[in-house]
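Data block below; observations after.
The values are calculated or read from the model by the stated rules, or taken from the named source; none is laboratory data. Everything quoted here is computed from the prediction, not taken from an experiment. Cβ atoms come from the backbone with ideal geometry, glycine included; neighbour counts cover every protein chain shown. Accessible surface areas use protein heavy atoms only, side chains included; no ligands, DNA or RNA. Shrake-Rupley method; radii C 1.70, N 1.55, O 1.52, S 1.80 Å.
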Amino acid sequence: MEESNQGSLDQLLKLIDSKDAEVRDVTALKLKKLKDDRAIEPLLNSIFQNRNFNGTMVYALESLNCEKHLVSIFRILFYEGYEAKLGAYSILSEQSFEFSQDELLNIQNMWEECIANPTSHAGFVNKEIRIMMEDAYNGFMEYLEKQ
């Protein structure tokens, strides 16, 4: 990577934790354009620290290779707001993932917790959102059944 791109990435990664939602959103869009997978962890951290103000950051993840972050993407799908859920569903539908049986069991536990406490999870009581979540869940649980 060129030094100027490295410097840009470093500056953007510092800004992704801004307390200002507008700064985070602009930063996320710039990270999306850079398409540098080193932004995945900082984006995920910021997504989980800024609940309900994180849809643009999830959108930025769509341009990155999330193959090693299946549990985190499901965490977004199950626990974050509507816009973030749509982004997570898109990532789950369009990308390929590496995962272990333990990770699938972790996702299964999260899903069972959603079912047990539907009103505690953003949008779960909305039929369309629940169907979207269930579709993604069922698609990956097929792998667990095969093992």
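Using r as the Cβ-Cβ distance of R51 and Y143, and R0 as 30 Å, what FRET efficiency do you calculate, to the nearest 0.05?
Working: r = 29 Å, r/R0 = 0.96.
With a Förster radius of 30 Å, E is 0.55.
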- [ ] For segment 23-117, run through the GluC sites (Glu not before Pro) and keep only the ones in DSSP coil with at most 12 other Cβ atoms within 10 Å of their Cβ.
- [x] E98
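Hey, any idea what % of the chain's accessible area is carbon plus sulfur with a 1.4 Å probe?
Roughly 46 percent of what the probe reaches on the chain is carbon or sulfur.
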- [ ] Report the far tail of the P(r) of the chain, meaning the percent of Cα-Cα pairs longer than 26 Å.
- [x] 26
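To the nearest 0.05, how large is the calculated FRET efficiency for S120 and Q6 if R₀ is 41 Å and r is the Cβ-Cβ distance?
Numbers: r = 42 Å, r/R0 = 1.02.
Calculated value: 0.50.
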Task: Separation of the S18 and E134 label points, Cα + 7 Å toward Cβ, nm - done: 4.1
Open item on the list: From the helices alone, meaning DSSP H stretches of at least four residues, give me the mean residue ellipticity at 222 nm for the chain, per-run term -39500 (n - 2.57), in deg cm²/dmol to the nearest 500.
Closed with: -22000 deg cm²/dmol
Task: Spin-label pair Q101/K68, simplified geometry with 7 Å Cα→Cβ offset, distance in nm - done: 2.3
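Take peptides 34-45, 50-61 and line them up by average Cβ neighbours within 10 Å, highest first, as a rough protection proxy. Could you put the intermediate results ahead of the total?
On the way: 34-45: 17.2, 50-61: 21.4.
Ranked by mean Cβ neighbours within 10 Å, highest first: 50-61, 34-45.
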- [ ] Would you mind computing, in nm to one decimal, how far apart the modelled labels at E94 and Y82 are, each placed 7 Å from Cα along Cα→Cβ?
- [x] 2.1
TODO: Find the accessible area per residue for the chain; the probe is 1.4 Å, ligands and nucleic acids are left out, and the unit is Å².
DONE: 56
